[in-house]
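Note sheet for the following structure.
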Amino acid sequence: MAGRGRGQLTFSVEIVGIGKGENLPPSSVQPTPLFPPLAQKPVPLQTGEEAEYMLALKQEFRGAMKTLPFYIRPAAPKKGQFGVKDELCHKHGFAYMVAESPAVPKQPKQPRVDKEEIIRKLETLEQKEEDGSSDEEEGEKKKPEEEEAEGEEGYDEEEFEDETDYIMSYFDNGDEFGGDSDDNIDEAIY
Amino acid sequence: MTAQEVRLCGLLLQEHFGNVVEKVGTHLIRSGVLTLRALAHETKLPLDLVKKSLCVLVQHGMCTFGAGRRGPAGPVEYRINCERVFHMLRYPRYIYTAKSLYGDTGELIVEEILQRGQMTMSSTVKTVADRLTHNMPEGQSMDYSEVVSAFSQLVETHFLQRCPLASAGSSSSGAVDTPLPVATQPTEPESHPDCYKLPYINLTGQGKRRRSSEDGEADQCAAKKCGDDRIYWQVNFQRFHLHFRDQAIISAVSCKLDQSSSEIVRTMLRMSEVTTPAHAAFTQALSANEIFRALLSSYNIARPILDQYLSLLVDDPMEFVGKTGDSGGGMYVVNLHRALANLARATLESVVQERFGSRSARIFRLLLRKRHLEQKQVEDFAMIPAKEAKDMLYKLLSENLVQLQEIPKTPDYAPSRTFYLYTVNQLPTARLLLQHSYKTVGNLMERRLYETKENKRLLEKSQRIEAILASLQATGAEAAQLTEVEEMITVPERQQLESLRHHINKLDSSENQVDETIFLLKSYINSTQASL
């Protein structure tokens, strides 16, 4: 029955049309070629005004899509620049987007900010006598703004360079302080 | 979703929206439904890029969102609508149809809405008027009212429809009061009662010629409230598909019979456009009197001639038109589903003929008509010598276009006492060919991308030179300078560019043509499912 000798099939080959002793084509020992020669030539493409017009429409559409804001490139958006989402949300007024639940603020950031503020306060107290009261107020407002405006990259580099608990600018001798311009105090920083 | 479908979706998304959206979209197709956080985590993309991609997809109607598995209190889940992604392949056809029906204005309206997914009526009108004005000779400009009338016509014939809103209540409070629809059941646009109602907008003026970029800013600031805020319009793809189906039937009738019979069928389809629901198997019954009255006088068909044509159409083996009664001179219907089945069958036969030859096609047609045949019977009916018939049958069998059916005489399936019959099933074969078509389009797109990438340097060079030439011409340079710049591209490079353009055009045309086959097979498959 099953497995009795090699080449035993489960059905009689006469039925499907292969006669006894007939030459079967040799079995292939490799995969079929990637571009097999075609038995019949393919039908030529449709030509004519309609086909050409649709071709032009297709290529123009493709070109136009690349210029629209919907074509998203992998570069990360810069700070302060409105991305596509904001544009769309303003247009639609959230009618089409469901507001996601707000992101849970990352915990590790908190200690850094606290240390920063403490160090700032210490520095301003140091400079209190030299600059006087009016400058002190500007300085307090400006310093946290300046520090935050530097960006996260500045943060990380300073903090993790030597793996100390102290921010590296703590060791500065205060010569650079006050060198920046006093304009644009009202500039909002995000 | 089959592997070929996912691959094609990815290529289409990449072509139109870039790599980021492609990555997000492909992952979402493979996973089914996902929340935003899960999607960002699994694709390892930054959260804001994932959000942007989802926004783009929602804007174009390719992604739907709704309450997730944990109910309305849990995070929102997103899913991709693959059919909508495949429609992107057919955009040129939609635009061309709009042009043929409503002229250049209609064409630009549909093109703008397809490019942007959804638009308000006022912004569409302004953009289209500006574009038309740009192409007009100096001094003329396109009036808004003309564009508005073209837009209204598109809405009246249901080619454009309002977008369904996600939540009925205003979401300015932040809390969504009305429960969101579950992600698996998106709201149908047609369920909205005002789906095709035009808003009253106060819009007068003319298109502006864009002279310099600062005008754009002024336009945006002066974007007056036109009274149709929050009413967005999208293209009604189903309506376009019905139109394509009707066109296919009419051209089939005109090929099989003659021009006049195709005009009669066209009239019948036009009359039953509004009364026939989308998935109906046949149109409403029309009496011969009604058809005669509705026939355009330019066709010049007399009443007795009409009756003869109708009886010819009814007797035709393709069964496009059927007779359902005798009142009013005879009640006639167009058999939509049967017509689609016949068109699909013709497509299958044509594919077999072009790939395997006319004798194999004869065997294929025989099996389609006679359902089940034994080996011997195939040879006899097809009048083909045994050896060749065997060879052809096995080739078709290996390609899965023909199946072998075992009919046992005894319960133990003994080989000597079993019938082995060859058969062709139209529906599974149509599905197989549809998957082949998706694979074909995927291959064509990949080859086109490959060709573009191989010659990127050359293409960029030619673009730069064109830009230089344009700027030189604008500033009024002499002919000698222009020829000098043109000669920067050598002759063999020019030839290479020319052949590249030729190849890319050929590949693009092929995609358009394969899409016609895809449309036909998909319509047939959907029609069989609708009737089940």
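The values are calculated or read from the model by the stated rules, or taken from the named source; none is laboratory data. The shown structure was predicted, so the numbers you read here are calculated from the model rather than taken from an experiment. Here the Cβ is made from the backbone with ideal geometry for all residues, glycine too, and neighbour counts use every protein chain on show. Side chains included, ligands, DNA and RNA excluded: accessible areas come from the protein's heavy atoms. Shrake-Rupley method; radii C 1.70, N 1.55, O 1.52, S 1.80 Å.
Things worth noting here:
- Dipole magnitude (debye, nearest 20) for the range B:339-424, charges at Cβ of Lys, Arg, Asp, Glu: 180
- Couplings for the range A:37-50, taken from phi via the Karplus curve 6.51 cos²θ - 1.76 cosθ + 1.60 with θ = phi - 60°, read x, 7, 6, 10, 6, x, 5, x, 5, 5, 10, x, 4, 5 Hz in order; Gly and Pro are left as x.
- Projected label points at B:Met136 and B:Asp391, each 7 Å from Cα along the beta carbon direction, are separated by 6.8 nanometres.
- If you plug the beta carbon distance of B:Asp104 and B:His502 into 1/(1 + (r/R0)^6) with R0 = 30 Å, you get a FRET efficiency near 0.60.
- Accessible area expressed per residue, chain B, with surrounding protein chains retained (probe 1.4 Å, Å²): 50
- The overall shape of the range B:240-334 is rounded: from the C-alpha gyration tensor, with semi-axes ordered a ≥ b ≥ c, the ratio a/c is less than 1.5.
- Estimated from helices alone, the mean residue ellipticity of chain B at 222 nm is -20000 deg cm²/dmol (sum of -39500 (n - 2.57) over DSSP H runs with n ≥ 4, per residue).
- Taking amide H atoms as placed 1.01 Å from N in the peptide plane, the amide H of B:Met488 has no partner under 5 Å among residues 5 or more positions away or on other chains.
- For the peptides B:141-151, B:449-459, B:64-74, B:471-481, the ranking by packing is B:141-151, B:64-74, B:449-459, B:471-481, with the highest mean count of neighbouring Cβ atoms within 10 Å listed first.
- Relative contact order (percent, whole number), chain B, Cα cutoff 8 Å, 6+ residue spacing: 11
- Other protein chain Cβ atoms within 10 Å, averaged over every residue that makes up A:62-70: 5
- Two-site label geometry, A:Leu122 and B:Leu458: point separation in nm, points 7 Å out along Cα→Cβ: 6.7
- The 3J(HN,Hα) values that the Karplus relation (6.51, -1.76, 1.60; θ = phi - 60°) gives for the range B:438-453 are, in residue order, 4, 5, 4, 5, x, 5, 4, 5, 5, 5, 5, 5, 5, 4, 5, 5 Hz. Gly and Pro appear as x.
- Accessible area ranking (1.4 Å probe, heavy atoms, ligands and nucleic acids excluded), largest first, for B:Arg30, B:Arg448, B:Arg7: B:Arg30, B:Arg7, B:Arg448.
- Evaluated over chain B, the Cα radius of gyration and Dmax, each in Å: 28.2, 93
- Average partner coverage of B:52-65, which counts Cβ from other chains inside 10 Å: 4
- Efficiency of FRET between B:Arg230 and A:Glu50 - r from beta-carbon atoms, R0 30 angstrom, step 0.05: 0.20
- B:Tyr332 sits among other residues whose Cβ lies under 11 Å from its own Cβ, and their net charge, with Lys and Arg +1 and Asp and Glu -1, is -2.
- Heavy atoms of chains A and B lose about 5400 Å² of accessible surface on contact, summed over both sides with a 1.4 Å probe.
- Shielding value for B:12-21 is 4, the average number of Cβ atoms from other chains within 10 Å of each residue's Cβ.
- B:Tyr232 long-range amide H proximity, modeled H, under 5 Å: B:Cys163
- Which of B:Gln259, B:Leu433, B:Tyr144, positive extreme of dipole for chain B (C-beta unit charges): B:Leu433
- Taking the charge dipole of chain B about its Cα centre, with +1 at Lys and Arg Cβ atoms and -1 at Asp and Glu Cβ atoms, the residue from B:Ser509, B:Leu306, B:Ala339 reaching farthest to the positive side is B:Ala339.
- Assigned charges on the beta-carbon of Lys, Arg, Asp, Glu; the range B:3-80 dipole about Cα centre (debye): 260
- For B:Gln206, the residues whose modelled amide H falls within less than 5 Å of its own, excluding neighbours fewer than 5 places apart on the same chain, are B:Tyr144.
- Check: the range B:429-531 dipole with +1 on Lys, Arg Cβ and -1 on Asp, Glu Cβ, in debye: 640
- Across the range B:429-531, Cα-Cα pairs more than 17 Å apart make up 65 percent of the total.
- For the range B:489-496, backbone phi angles converted through the Karplus equation (6.51, -1.76, 1.60; θ = phi - 60°) give residue-by-residue couplings of 8, 6, 5, x, 5, 4, 5, 5 Hz, Gly and Pro being listed as x.
- Summing +1 for each Lys or Arg and -1 for each Asp or Glu among the other residues whose beta-carbon sits under 14 angstrom from that of B:Met271 gives -1.
- Between B:Ala294 and B:Thr275, the contour length at 0.36 nm per residue exceeds the alpha carbon distance by 5.3 nm.
- Hypothetical label at A:Phe35: residues of the range B:488-532 whose amide nitrogen lies under 20 Å (7 Å Cα-Cβ projection): B:496-511
- Electrostatic bookkeeping for B:Glu454 treats Lys and Arg as +1 and Asp and Glu as -1; over the other residues with beta carbon under 12 Å from its beta carbon, the sum is +4.
- Reducing the range B:409-425 and the range B:37-73 to their Cα centroids gives an inter-centroid distance of 53 Å.
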